[in-house]
């Protein structure tokens, strides 16, 4: 399916993405060698008279929560799509008038990067408890790995 058109790729994502992620099927566009997948999230209900800046901030928060809550599954779906269609995947979401895209090359790799044959990745944490410094100093902010 390497030469699939946008409607075929869009149909695949409509069937593959969990039903509870978006209101309807996600919008899929092709931009060069990547598929951009943007779904619509419900608007945040705010009291009448809320400023536009507050509405935008609420939408950005909703999109950030979606991004974090679906990260692992989005990576797997993107890897499937990248293998099937030979296109990088960029995810995004819309809530109200706010649209954000994120994750170029959505499988967690940089755009165009391919894993080396037989490569492994070591994932670890540095924790600063039990009287051992583990590389953390006073005043260090949180570390995200």
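Key figures for this structure:
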| quantity | calculated |
| --- | --- |
| Subset of the stretch 30-73 that is farther than 18 Å from residue 98 by Cβ and touching a helix residue (DSSP H, G or I) at 6+ places or on another chain (Cβ under 7 Å) - its residue that is surrounded by the most Cβ atoms within 10 Å (Cβ to Cβ) | 35 |
| Considering residues of the stretch 1-24 that are touching a helix residue (DSSP H, G or I) at 6+ places or on another chain (Cβ under 8 Å) and at pLDDT below 95 only, the residue surrounded by the fewest Cβ atoms within 10 Å (Cβ to Cβ) | 2 |
| Single residue of 62, 72 found to be part of a helix (DSSP H, G or I) and farther than 15 Å from residue 94 by Cα | 72 |
| Breaking point among (1) exposed (fewer than 13 other Cβ atoms within 10 Å of the Cβ); (2) at pLDDT below 95, for residue 96 | (1) |
| Residues being touching a strand residue (DSSP E or B) at 6+ places or on another chain (Cβ under 8 Å) and farther than 16 Å from residue 13 by Cα - total across the stretch 59-94 | 7 |
| Residue 42 being at negative phi and at pLDDT below 70 | no |
| Hits in the stretch 1-50 (condition: closer than 12 Å to residue 93 by Cα and part of a strand (DSSP E or B)) | 27, 28, 36, 37, 38, 39, 40, 41 |
| Verdict on residue 82 being in a loop (DSSP other than H, G, I, E, B) and surrounded by 12 or more Cβ atoms within 10 Å (Cβ to Cβ) | no |
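The values are calculated or read from the model by the stated rules, or taken from the named source; none is laboratory data. Fair warning: this is a prediction, and the values are worked out from it, not measured in the lab. Backbone-built Cβ (ideal geometry, glycine too); neighbour counts: all protein chains shown.
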